[in-house]
1. Can you give the charge dipole size of the protein assembly as shown about its Cα centre, rounded to the nearest 20 debye, using +1 on the beta carbon of Lys and Arg and -1 on the beta carbon of Asp and Glu?
2. Could you check which residue among B:VAL121, B:VAL95, B:VAL16 shows the biggest mean-square fluctuation in a GNM of chain B with a 10 Å Cα cutoff?
3. Run down the lysines and flag those whose C-alpha is under 26 Å from the C-alpha of A:LYS141, throwing out any fewer than 8 positions away in its chain.
4. Taking chain A as a Gaussian network, where each spring joins two C-alpha atoms under 10 Å apart, which residue of A:PHE96, A:PHE41, A:PHE138 fluctuates the most?
5. For chain A, what is the Kirkwood estimate of the hydrodynamic radius, computed as the reciprocal of the mean inverse distance between distinct Cα atoms, to one decimal in Å?
6. Picking from B:VAL144, B:MET46, B:TYR209, whose Cα lies most toward the positive end of the charge dipole for the protein assembly as shown (charges on Cβ: Lys, Arg +1; Asp, Glu -1)?
7. How high is the FRET efficiency from B:ALA228 to A:ASN78, r the C-beta distance, R0 60 Å, rounded to 0.05?
8. Antiparallel DSSP bridges in chain A: what percent, to the nearest 5?
Amino acid sequence: MTSSTASIHALPRAESAAVEVRSICKNYKEVEALRSIDLDFPRGKLTTLLGPSGCGKTTLLKIIAGLVEPTSGEVRVNGKPVTGPGPERAFVFQDFALMPWATVMRNVAFGLELKGMGKAERQSIARHYIAEVGLTGFEDKYPHELSGGMRQRVGLARAFAVNAEVLLLDEPFSAVDEQNRRKFQEDLLRLVEKERKTFIFVTHSIEEAVYVSDRIVLLSRRPSRVSQIIEPKVDRTASPDAIRRDQGYLDTVEEIWQGLKHYVD
Amino acid sequence: MTLYGYRVPMMASLLVWCGIWELVGQSGLMFLVPPLSAVLVAGYAMVQTGTWQAAAMITLHSFAVGMALAVVVGISLGVLMGRFKAVDELFSIWVNIFVSAPLSALVPVLMILFGMGETTVIVTVFLFAVWIIVLDTRAGIQHVPKSLIEMGRSYGASTFALYGKIVLLAALPEILAGIRLGLVRGVKGVVIGQLLVAIIGYGELFELYSRSFDMENFWALTIILFAAAMLMSAAIEYIEKKVDYYAGVR
């Protein structure tokens, strides 16, 4: 276990992590999914949970979201223990979780609608984030009229619209085709830069993790533990294509693959 | 069934059968089957009589009240059974028995409980219609994607909002299918209830015409009843298709 939160930035609250995970264990009946996970998620950074499939990455993310109860241990967001979902966290779902009977506009504004915000106000906020994710002109479309990539953009806009500090993304691109996925990753990086939020990202793609992350947490196979923490040394000011050819990028991908290879049989 | 007219093949087959009916009727082979044209003429005269109008009103009233109860109770119980395992285990045996039981046999018992009047008919409609609505609602609720519920919870939905804005809407296609099947069963219920109680509404007219072998009026009555049932079922089916369209990506 390394703890590298000290080096993040010098903002007043930066010394504390946005999300702290303390000795989280999770058992499903006989199966031990997570064993004593301790992690800090630094504020304003994108941290990725990466590991072999079925290692409990999503379970850990849902525990942080307050959607799943841990068997033992504690999650703290801004120092406060998590007892359930809260407005300071927003979730992006693997299968998008859009309401098929609602338009893009209503879906994006739905988090605000649940908070009881008036229609005009929430629609103007939603319109802003629909534009941010590049869906202007699709406000009145229904989810079934959109491609997989566009549907997940709606999911992302919905999460941004509630203005949560922490965004939890559960394999958001896994149901998106390869070309759209690349474009989407580039857009995500731009939004991470712009929105200055804490992102926790779950993926099983090594390339994706290295491309978008400030910090990668490698989880071992079940019972899952933190096996390694890697901070990719990638120059993100470069163009997306340059990053994908960058030696640091390629070396990190290789390093992670060497670390994960023995889990694959 | 002419109300299905917008489906060309069905319309065509219907015309063939109407033709056969007319021919058999005209040939006078069976006195039970008068020519279709005679039935239609009788029907046209019948709907203008006060007897028929009064019977239709009382039948419609019993049906509407019974169906409204069945929809409210059916959806509520179905939601509870779909969401809570304990409720499901407590009620599923009864729902499954009643959905397939020959309920007509119960009507005499209901008569003892609720008297010889409209209440018995309403209860009969309710009992015929409610179980399929319960079962379909339950299935719909159980098929609501888990991630939609998690989405609601993670964005702070209250229990009320979770059901009103997400769960019920996501289960709407199945709920509507249940109501459509329930309507058809409810029509059966209202006629059987009135026939067995045998003193009011449509049942009384059926009794009257079949006893006096007034076949023109008997068939006219039957055709009107079928048409009404099909029309209602088609109306719900139309809504269902619209909803399915929006729910198509689940």
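Rule-based calculations on the coordinates, nothing more; no lab input. Bear in mind the structure is a predicted one, so any value in this text is a computation, not a measurement. For neighbour counting, all protein chains shown are included, and Cβ atoms are generated from backbone atoms with ideal geometry for every residue, glycine included.
1. Values: 51 positive and 50 negative charges, 180 e Å.
The calculated dipole for the protein assembly as shown is roughly 860 debye.
2. In the Gaussian network model the winner is B:VAL16.
3. Hits, sequence-local ones excluded: A:LYS115, A:LYS119, A:LYS183, B:LYS146, B:LYS165, B:LYS241, B:LYS242.
4. A:PHE138
5. Working: mean 1/r = 0.0526 Å⁻¹.
Every distinct Cα pair counted, the radius reaches 19.0 Å.
6. Positive-most Cα among the choices belongs to B:VAL144.
7. Working: r = 63 Å, r/R0 = 1.05.
My answer for the efficiency is 0.45.
8. If I count the DSSP bridges inside chain A, around 50 percent turn out antiparallel.
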